[in-house]
Each structure stands twice: as structure tokens, then as C-alpha cells.
Amino acid sequence: MNTNNSSGGDGGINDNAAGPDTEESKNSNINTDVNLANFFNLRTGEVNVKSLQPEEINGYINDITLIISKLKDLFYNSENYSFKAPLEDSFDTKKDFCAFLDDLLFFFNALKRKFILQHKGINATSLSIDPTESGFPHFTDLWNFKIDHESAAAQLAALPPLEDIVKSAVANIFDGEFPIREQLSYAKHNYFSYIKEKASIISEFKLNRPELIGSKDGQNLYKLIFYGFDERYNIFHFYSMLVMQDSGNPDMLHHPGSHKFLDEIQSYYKQDLFRLAHHLDTFAPGIHPKVIMKYTIGPYYSPDTMNEEAIDKLIAMEPKNPFIFKFQASGLVSIKTIKESSLFKSFYNSLFGYANSREIFSDKFVYNYMIVPFKLKQFLRDKDEAGKPAKIYGLLEGGELIE
């Protein structure tokens with residue numbers, strides 16, 4: 001699996017589990033209007049989908065949220081773990097990355113509320129994951145979450161008041177009836193109330209407004225933060241970038257409105273870091289990337305995923321808490337700027353909108369990390385399942401992360 005090339009976008013898939021015509025399936029046909037749907041991969045036609053069993057959903061979400069919260073703690077309280085992110089002395093974006101992880105945690109906590117009644121057979125669909133590449137939910141789950149967020153106010157307005165839902169449920173129970181509709185209404189109220197007030201939710205691509213962090217010698221230095229969901233692998237990538245722009249440019253990056261350079265990032269950022277850097281370096285005259293950092297979140301391996309033999313052997317070593325979570329930091333920096341020395345060539349470039357300088361970039365650096373049960377950390381030490389160097393953190397049964 002190659003997760004070095006990243007992509008932005010909400011990626012997803014679910015499966016419609018129609019099932020036999022039992023009493024349980026009849027109950028599950030009730031329309032919840034929560035935008036639940038299961039698909040095969042409509043974009044690629046690949047069957048890279050696994051619908052989790054009802055009893056698996058809650059545990060899956062709990063495990064994912066615990067691991068992501070520990071990843072956030074690793075960055076946010078890095079001094080507690082002797083952890084240092086690459087380039088943080090000169091370009092520290094740990095807080096920006098943690099803000100992204102907060103949005104990701106909110107998404108999984110919302111999914112927990114969305115599928116809370118699935119184990120009772122009340123919801124017609126199940127949560128699906130990509131078992132072949134990432135272990136994460138699919139594009140469709142992200143897309144449905146976006147639609148749910150946009151319609152949350154209308155959905156709540158269409159529901160009975162919470163007090164009426166409870167009264168109706170109590171009345172049904174005393175009448176010897178199971179309050180299916182009331183449970184659904186209560187779950188919907190809980191879900192939509194939770195997501196309604198959230199201003200910023202996880203999406204397939206997000207680029208923050210460029211932040212001007214300094215000016216010197218006719219140059220403006222900007223910080224760019226963006227992330228995307230690569231539906232090819234159903235995995236998230238987070239980027240931070242330092243960009244230099246000539247201050248005499250009439251179309252400054254921090255000005256309101258769209259900018260073709262920013263639009264090009266969204267169109268091109270799925271490429272390899274070298275291709276991305278060189279493309280952006282020559283795309284818009286007077287704008288040059290100086291640093292590009294990329295964090296890849298995942299994959300997440302568990303007994304629910306289709307794993308290579310080496311991964312399965314590791315997971316089998318810890319049956320109480322079987323998982324392996326990977327993340328990667330990679331990037332490159334400009335080590336030299338070459339300017340056009342020919343006056344004629346410089347005039348020609350300016351006339352036709354070509355760059356008069358270009359960056360020479362360093363080799364790409366890559367740091368691999370893993371969060372695993374403590375027993376696996378003791379076994380792996382400082383190598384991944386393939387014997388490649390990796391910084392490994394162990395998770396104790398009580399939830400404490402150990403360096």
C-alpha cells in the first residue's frame with residue numbers, strides 16, 4: 001500500500017444491508033431521515049467495503065477515538081513524551097494539527113451517536129470501513145456527515161419536543177409496546193443537537209486563509225494550513241506550508257477572495273511532495289514554497305481489516321487489545337533560490353508570466369510512527385512490522401501512552 005501520495009476530499013462508502021424479512025428488519029425499515037446509506041465504492045467500482053456488525057461499531061469507534069486523542073496528546077503535550085515534530089524549531093504547526101485532530105474526533109463522536117441504535121436493529125444501515133487500505137470510514141460517511149450538518153436545524157425542527165418523546169415512550173412501555181419510534185426520535189435529537197452548533201466540521205478538503213507571518217526585503221512570508229481526504233486510500237493527510245510572495249504583487253495571498261495559487265493547491269496536492277513543490281514553485285510568478293510538511297493519519301489495522309501476514313501475526317500477539325495505528329511525517333524544504341541572470345530572459349519571463357527564480361529543494365524526509373498495545377511495543381522496539389525504523393509508542397490497558 002502506498003499512502004505517500006495524498007489527496008483531498010471526503011471519501012467514502014457504505015453497504016445497504018437489506019437482510020431477510022424478519023421482525024427486526026421490518027423495524028429497521030423505518031425512515032430515520034439521518035442520511036444513512038451503504039454503498040460499494042461508486043467512484044471506483046471497487047468493493048473495498050466492510051460493513052461492521054452491530055456489536056462491532058461501538059468498540060471500533062471507541063478504539064479509534066482513544067488512539068486519535070492520544071495522538072493529539074502526543075503533539076499537544078509533546079514535552080511529556082520527549083516528542084519533537086520535524087522542523088518544529090523553525091516552523092511549529094503542532095497546534096494547527098491538533099485543531100484538525102479535534103475535528104476528526106468530533107466526526108467519530110458524531111458517528112457514535114448516529115449509529116447508537118444500530119445494535120438494536122432499528123437503523124437500516126451499518127457503519128462501513130475500508131478494510132483493505134486504511135481501516136477508516138469511507139467518502140460517503142464524510143459526505144453524509146456534511147449533509148447532516150447542513151440539515152441539522154431543519155431535522156430538529158421537524159422532531160417533536162424532547163419532553164413529548166419521553167412521555168410517548170413511557171406510555172408505550174406501560175401499554176406493553178416497545179418504543180421503537182421514540183427511541184429513534186430520541187437518537188436523532190441527540191445526534192442533530194450534537195452536530196448543529198459545530199461551526200467547523202471535518203470535510204474532504206479544507207484550506208485555511210493564508211496567514212501573513214512576516215515581511216522583509218520586499219517579500220511576504222505566509223503560513224498555509226490545509227488537509228484532504230484521499231478517497232483512493234480512504235485516509236487523511238494534513239499539510240503545513242511556508243510560502244514566499246513578492247510584496248509588490250497586486251494579488252496578495254492574504255487578500256479576501258479566491259486566488260489561483262490556492263485553487264491550484266486543491267487541484268494538485270494529491271501528487272507526490274516533490275511534484276507538488278516543483279509545480280507550485282513555477283505555477284504563479286513571484287510565489288514560491290519554502291517548506292512543505294505533510295502528516296498522514298493511518299492506516300489503522302485491527303481484526304476487522306484485511307491485513308498482510310506480518311500485521312496479522314502482530315495483532316494475534318495481543319488478543320485483549322488488537323490494533324496497530326500508523327502515522328507518518330514527511331516533508332521537504334528549499335535549500336537554495338536560483339534567480340534568472342539574463343536580462344533578456346528575465347524580461348521574457350515577466351512578459352509572458354513565467355517565474356524569474358526557482359527553488360532547489362532538499363531530499364524528502366520521512367519519519368514513521370506507530371501507536372500499538374504496550375506488549376507489541378516491547379516486541380517491536382524501534383522497528384515496524386517490516387523491520388524499518390519507526391518511533392513506537394505503547395498504549396497501556398488503562399489508556400496511558402508510553403514512550
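Given the criteria within 30 Å of GLN53 (Cα to Cα) and at pLDDT 90 or above, does ILE292 qualify? Answer is no for this residue.
For the stretch 171-190, the count of residues that are touching a His at 6+ places or on another chain (Cβ under 9 Å) and modelled with pLDDT of 85 or more is zero. Inclusion of SER215 among residues that are outside any helix (DSSP H, G or I), in contact with an Asp or Glu (Cβ under 9 Å, 6 or more places away or on another chain), surrounded by fewer than 14 Cβ atoms within 10 Å (Cβ to Cβ) and among the polar types (S, T, N, Q) is not warranted.
For (1) touching a strand residue (DSSP E or B) at 6+ places or on another chain (Cβ under 9 Å); (2) modelled with pLDDT of 85 or more; (3) of a type in the set (Phe, Trp, Tyr), each residue gets a yes or a no:
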{"position": "GLY8", "(1), (2), (3)": "yes, no, no"}
{"position": "ASP15", "(1), (2), (3)": "yes, no, no"}
{"position": "LEU36", "(1), (2), (3)": "no, no, no"}
{"position": "GLY45", "(1), (2), (3)": "no, no, no"}
{"position": "PRO54", "(1), (2), (3)": "no, no, no"}
{"position": "TYR81", "(1), (2), (3)": "yes, yes, yes"}
{"position": "LYS84", "(1), (2), (3)": "no, yes, no"}
{"position": "PHE91", "(1), (2), (3)": "yes, yes, yes"}
{"position": "CYS98", "(1), (2), (3)": "no, yes, no"}
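Search the stretch 267-315 for residues being of a type in the set (D, E, K, R) and in a loop (DSSP other than H, G, I, E, B), and hand back the single one that is surrounded by the fewest Cβ atoms within 10 Å (Cβ to Cβ). It comes out as GLU308.
Selection over the stretch 316-334 of residues that are farther than 26 Å from LEU127 by Cα, assigned to a strand (DSSP E or B) and of a type in the set (A, V, I, L, M, F, W, C) gives a count of 3. For residues in the stretch 88-103 being touching a Phe, Trp or Tyr at 6+ places or on another chain (Cβ under 7 Å) and in contact (Cβ under 8 Å) with a residue 60 or more places away in the chain, which is farthest from ILE235 (Cα to Cα)? Residue satisfying both the conditions and the ranking: PHE97. When restricted to residues that are out of contact with any His (no Cβ under 8 Å at 6 or more places or on another chain) and modelled with pLDDT of 95 or more, the stretch 225-235 contains 2.
The values are calculated or read from the model by the stated rules, or taken from the named source; none is laboratory data. What you see is a predicted model; the values in this text were computed from it and never measured. Note: ideal-geometry Cβ built from the backbone for every residue, glycine included; neighbour counts use all protein chains shown.
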